[in-house]
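Read-outs throughout are calculated quantities, based only on the coordinates presented, and are distinct from any laboratory measurement. Since the structure is predicted, the reported quantities are computational estimates derived from the model, not experimental observations. Note that each Cβ is placed from the backbone with ideal geometry, even for glycine, and that neighbours are counted across all protein chains shown.
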Amino acid sequence: MINIKRLFDFPYYQLEKYSLDAALVTKYNGEWVSTSTQEYINKANQISRGLLRLGVQPNDKIAIISTNNRTEWNIVDIGVLQLGAQNVPIYPTISKEDYEYVLNHSESSYCFVSDIEVLDKIKSIQANVPSLKKVFSFDDIDNCSSWKEVLKLGKEDSNQTEVENLKNNVTENDLATIIYTSGTTGRPKGVMLSHKNVVSNAINSSTRFPFDAHNLKALSFLPVCHIFERMLMYLYQYRGISIHFAESIEAISDNLKEVNPHVMTAVPRLLEKVYDKIIAKGTDLTGVKKKLFFWAVDLGLQYEPYGANGAWYEFKLKIARKLIFSKWQEALGGELKVIASGSAALQARLARVFNAAGISVMEGYGLTETSPVISVNDVRDNGFRIGTVGRLIPESTVKIAEDGEILAKGPNVMMGYYKDPDKTNEVLNKEGYFHTGDIGEIDADGFLRITDRKKEMFKTSGGKYVAPQVIENTLKQSRFIEQIMVIGEGEKMPAAFVQPNFEFLQDWAKRKNLNIGNSFYEMITNQIVIDRYQEEIDNFNQKFGKWERIKRFELTPEEWSIDAGHLTPTMKLKRRIIKDKYKSLYSKIYG
């Protein structure tokens, strides 16, 4: 049996142990097209041979930018890594300026793009990237070389011996990929991850996978340029799970019903939106159906794992699952057993209600710099505790610093930041511990709990510490609130910028037969709307100490987005930029 040491060992291991007919499955022109494990490997070798004939050498950097996950991404990934070259995945949603910076900083020699939208961005800055020799596209685009040209170049296998020699020279400690983090401030940092970093994380994370059999399907839609989804690509290959790539976030509802996956990944924001849509449908019901629906939801919000609520609760839950929650499962494809949630804190109510519905949402924790998983919940063997990010995975070590910061150590901790030893030394201490920047605690049973971001905590002028993420995650439970940012560093009181959920706000006004205007600006300046948001915030404020309560707030007149600069590609708040955008609202709050 193949001993997995390098990332490109995963498909060969899968071939030897499972040899799937549908290892990778992508939808083209309305049809799902399967690529077998053998075909996957054959094409990866073709890419390797083609790149060699283009002059690619070990340690060259090859960028991949794709708006959607697809089979081609994985084939090129393995083809690049087999040469001892490095894959530089780039978020498709970043600015042209960031494209230029990342391509220049990494000195990428070739770039693979998915479609015309990404290609246009690259073309606009290509003249400013002297290292970039050529761009290839996965889609067929006029005036752009196709990735199939590289496959064709590698079709003749006379240089396969050279590929094999290069593969044999790659060690587990060699650099595999540079992932540029979408940091909330400043230029992106290039996180250097070795083969060992990611291989160890995939294999150790797989111990928390509650499936023994292969013959299972995963639906992949989170950006594979993010290490969370990418690591899971390797984990799925390791466990013999067929990977289906969703067409887009807009098509995910249809894709779930077409694929009927057993497992998928999600970020909390997606789960919040799914939950809100389910609740909206329940609100439209009438009579007994509506009462039954909300009885089941209320029951779900009280959920505790392992029958902790007693036999009577479990009996009622069984009825709720049969009458109501079975329909939730059908909407998610009918076979979904596990959703791995990461990238941000998951609201406890979502963990409760989805698990009550028989859909195990397992929250984990990690960072790009830790490849990424440090800890994760496990539905088996009392390994799941709501409100925590689970126990540490094998080989992972954590200690809590005096100021509460989580320090992590293990084979998954990065090599460092590319071309930036100073920033590397700021976060990696002499003992090999990585300073995560998160505040947390480990309970007596070994469960890790995240309480806030160290850099985001602030002190009011009265000397009281405020943890904004805790407040924000609580207030985002409101269906009226799409996004919220708590402010108040050095000020006398906490306040907040609130981006309304404009769709829900309009539905609410319609149900109440209220005229609140048509434009976003008319809505946020309507006194009825302002009063309703004040009521909402007053209600949630009761959960906090007096010094933490939101005393003032301002509604913002647009939707916060990645393109507009409010959010990172992983949907985290760009706090400095948001504060700068709403200077006038800040002045209005604090004078």
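Given a cut-off of 28 Å, name the pairs among K17/K155; K5/K572; K277/K459 whose C-alpha atoms lie farther apart than that in the structure shown.
Details: K17/K155 26 Å; K5/K572 33 Å; K277/K459 37 Å.
The pairs that break the limit, which is 28 Å between Cα atoms, are K5/K572; K277/K459.
What's the extension gain from K512 to I530 if we count 0.36 nm per residue and subtract their Cα-Cα distance? Mind showing how you got there, number by number?
Numbers: separation 18, 0.36 × 18 = 6.48 nm, distance 1.53 nm.
Computed gain between K512 and I530 is 5.0 nm.
Decide, for the range 1-116, between rounded, prolate and oblate: order the square roots of the alpha carbon gyration tensor eigenvalues as a ≥ b ≥ c, take rounded if a/c falls under 1.5, and otherwise choose prolate if a/b is larger than b/c, else oblate. Numbers along the way, then the final one.
Values: a/c = 2.19, a/b = 1.32, b/c = 1.66.
Because a/c hits 1.5 or more and a/b fails to exceed b/c, the range 1-116 counts as oblate.
Given points 7 Å out from each Cα along the Cα-Cβ axis, report the K155 to N173 separation in nanometres with one decimal.
According to this spin-label approximation, the distance is 4.3 nm.
Could you grab the relative contact order for the range 308-452? Cα pairs under 8 Å, six or more apart, rounded to a whole percent. List each step's numbers first, then the result.
Details: 218 pairs, mean separation 23.5, N = 145.
Once divided by the residue count of the range 308-452, the mean separation gives 16 percent.
Can you find, among G490, Q477, L448, the residue sitting farthest towards the positive end of the charge dipole of the range 378-490, where Lys and Arg contribute +1 and Asp and Glu -1 at Cβ?
Positive-end residue among those listed: Q477.
Take the cross-link list K454/K551; K43/K96; K61/K167; K455/K492; K322/K512; K316/K337 and give me the ones stretching past 25 Å between alpha-carbons. Don't skip to the answer; put the middle values down first.
Values: K454/K551 23 Å; K43/K96 31 Å; K61/K167 16 Å; K455/K492 19 Å; K322/K512 33 Å; K316/K337 21 Å.
Among K454/K551; K43/K96; K61/K167; K455/K492; K322/K512; K316/K337, the Cα-Cα distance tops 25 Å for K43/K96; K322/K512.
Taking a cut-off of 18 Å between Cα atoms, list the aspartates and glutamates near K583, but don't count ones fewer than 8 places away on the same chain.
Leaving aside aspartates and glutamates fewer than 8 places away in the same chain, those within reach of K583 are E489, E491, E554, E558, E559.
Towards the positive end of the charge dipole of the range 100-214, with charges on Cβ (+1 Lys, Arg; -1 Asp, Glu), say which of I178, L166, S146 has the farthest Cα.
Final value for the positive-end residue is I178.
Pairing the Cα long axis of helix 96-106 with the longest principal axis of the chain, what angle in degrees results, from 0 to 90 and rounded to the nearest 10?
Tilt of helix 96-106: around 50 degrees.
Please give the helix 311-320 orientation as an angle from the longest Cα principal axis of the chain, in degrees from 0 to 90, rounded to the nearest 10.
70 degrees
In nm, to one decimal, how far is the E431 label point from the Q302 one, both placed 7 Å along Cα→Cβ?
4.5 nm
What is the helix-to-structure angle for 71-81, meaning the angle in degrees between its Cα long axis and the longest Cα principal axis of the chain, kept from 0 to 90 and rounded to the nearest 10?
Helix 71-81 and the main axis of the chain meet at about 60 degrees.
Just want the answer: with Cβ charges of +1 for Lys and Arg and -1 for Asp and Glu, which residue in A280, F384, G30 is farthest toward the dipole's positive end in the chain?
Final value for the positive-end residue is A280.
With a Förster radius of 25 Å, plug the Cβ-Cβ distance of Q477 and T397 into 1/(1 + (r/R0)^6) and report the FRET value to the nearest 0.05. Mind showing how you got there, number by number?
On the way: r = 34 Å, r/R0 = 1.35.
After rounding, the FRET efficiency stands at 0.15.
Using a Förster radius of 35 Å, what is the FRET efficiency between V288 and K546 based on their Cβ-Cβ separation? Nearest 0.05, please. Each step should come with its number before you reach the end.
Working: r = 43 Å, r/R0 = 1.23.
Efficiency, from the Cβ-Cβ distance: 0.20.
So what's the back-of-envelope 222 nm ellipticity for the chain, counting only DSSP H runs of four-plus at -39500 (n - 2.57) apiece and dividing by all residues, rounded to 500? Show your work: numbers first, answer last.
On the way: 22 runs with 222 residues, N = 591.
Calculated mean residue ellipticity at 222 nm is -11000 deg cm²/dmol.
Could you work out how much longer the chain between K583 and S326 gets when fully extended? Use 0.36 nm per residue separation minus the Cα distance between them, nm to one decimal.
On the way: separation 257, 0.36 × 257 = 92.52 nm, distance 4.76 nm.
Full extension from K583 to S326 adds 87.8 nm.
Work out how much length D120 to K96 would gain on full extension: take 0.36 nm times their residue separation and subtract the Cα-Cα distance, in nm to one decimal.
Details: separation 24, 0.36 × 24 = 8.64 nm, distance 0.97 nm.
Length gained between D120 and K96: 7.7 nm.
Mind checking the dipole of the range 181-338: about its Cα centre, +1 per Lys or Arg Cβ, -1 per Asp or Glu Cβ, Debye to the nearest 20? Write out the running numbers ahead of the final one.
Working: 21 positive and 14 negative charges, 42 e Å.
Using only the charged Cβ atoms, the result is roughly 200 debye.
Could you work out how far apart the two model spin labels at K419 and S561 are, taking each label as a point 7 Å from the Cα in the direction of the beta carbon, and quote it in nm?
The modelled label-to-label distance comes out at 3.1 nm.
Pick out, in residue order, every one of the trypsin sites (Lys or Arg not before Pro) in the range 464-549 that is DSSP loop and has at most 13 other C-beta atoms within 10 Å; say none if there are none. Don't jump to the answer; show the numbers that get you there.
Details: sites: K464, K476, R479, K492, K510, R511, K512, R532, K543, K546, R549; in loops: K464, K476, R479, K492, K512, K543, R549.
Counting only loop positions with at most 13 other Cβ atoms within 10 Å, the trypsin sites (Lys or Arg not before Pro) in the range 464-549 are K492, K512, K543.
Could you pull out the trypsin sites (Lys or Arg not before Pro) across the range 363-416 that fall in loop regions by DSSP (anything but H, G, I, E, B) with no more than 13 other Cβ atoms inside 10 Å? Please report the intermediate quantities before stating the final value.
Details: sites: R380, R385, R391, K399, K409; in loops: R380, R385.
Hits after loop and neighbour filter: R380.
Between rounded, prolate and oblate, where does the range 104-158 land on the alpha carbon gyration tensor, with a ≥ b ≥ c its root eigenvalues, rounded for a/c under 1.5, else prolate if a/b exceeds b/c? Present the calculation step by step, with values, prior to reporting the outcome.
Values: a/c = 2.80, a/b = 1.38, b/c = 2.04.
Taking the square roots of the gyration eigenvalues as a ≥ b ≥ c, the range 104-158 is oblate.
Roughly how many Å is it from the Cα centre of the range 311-343 to that of the range 194-212, as a whole number?
Rounded to whole Å, the Cα centres lie 27 Å apart.
If you take the square roots of the eigenvalues of the alpha-carbon gyration tensor of the chain and sort them as a ≥ b ≥ c, do you get rounded (a/c under 1.5), prolate (a/b over b/c) or oblate?
Working: a/c = 1.60, a/b = 1.41, b/c = 1.13.
It is prolate, given that a/c is not under 1.5 and a/b is the larger ratio.
Give the range of the longest stretch in the chain that excludes all GluC sites (Glu not before Pro) found in loop regions by DSSP and having at most 11 other beta-carbon atoms within 10 Å.
Working: sites that count: E250, E402, E431.
Counting at most 11 other Cβ atoms within 10 Å as exposed, the longest clean stretch of the chain is 1-249.
Below 8 Å between Cα atoms, with a sequence gap of 6+, how large is the relative contact order for the chain in percent? Mind dumping the intermediate values first?
On the way: 1113 pairs, mean separation 63.8, N = 591.
Dividing the mean separation by the residue count of the chain yields 11 percent.
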